[in-house]
1. What ranking of 99, 122 emerges when the number of other C-beta atoms within 10 Å of each C-beta is taken as an exposure proxy, fewest first?
2. Expressed as cubic angstrom per residue, what is the convex hull volume of the alpha carbon set of region 10-162?
3. Quick check on the exposure proxy: order 51, 87, 9 from fewest to most C-beta atoms within 10 angstrom.
4. Give the order of 85, 30 when sorted by the count of other beta carbons within 10 angstrom, beginning with the fewest.
5. Using alpha-carbon pairs under 8 Å, 6+ residues apart, how would you state the relative contact order of region 10-162 in percent?
6. For the pair residue 77/residue 136, report the inter-label distance in nm, with labels modelled 7 Å from Cα in the Cβ direction.
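What follows is calculated from the coordinates using simple rules that are stated; it is not laboratory data. Values in this document were obtained by computation on a predicted structure and should not be read as measured data. Positions of Cβ are backbone-derived with ideal geometry, glycine not excepted, and every protein chain shown enters the neighbour counts.
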């Protein structure tokens, strides 16, 4: 965990050991996994040298779209798999992505979860709820700390934190 004065990073509160699927998994099996584990998304990974390399991301929305189309229009050829329905270039964050960067991504994009990757390797997932909880905890620890110190915040620092964009 970070120092109480340091802005938390994705690695401080991300979910580890997430459920994943391979690219060749059929749509019906993906939906079954989402239902079985009570999750709303799943990373698509390919095993490479014993590491899970993120190749895509599937949400309930994606499954609903393809299942509806298949049901309404009839069975497509070829059958739908993770590889055919996944978002191939999902927005990802790094483990060192700061809390304000994550909050900005969630506020400005319609995502509920973001994969956390390092050099293409899936490390975990951070959710909008995770970021909200971390922001609330950080906010209150900062408020109480500042009340004890009785000093004004450095507004230049606050603005810099709000608009940090990771170029990695």
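1. Fewest-to-most Cβ neighbours within 10 Å comes out as 122, 99.
2. Cα-based convex hull of region 10-162, divided per residue, equals 125 Å³.
3. 51, 87, 9
4. Going from sparsest to densest Cβ surroundings: 85, 30.
5. So the answer I get is 26 percent.
6. 5.3
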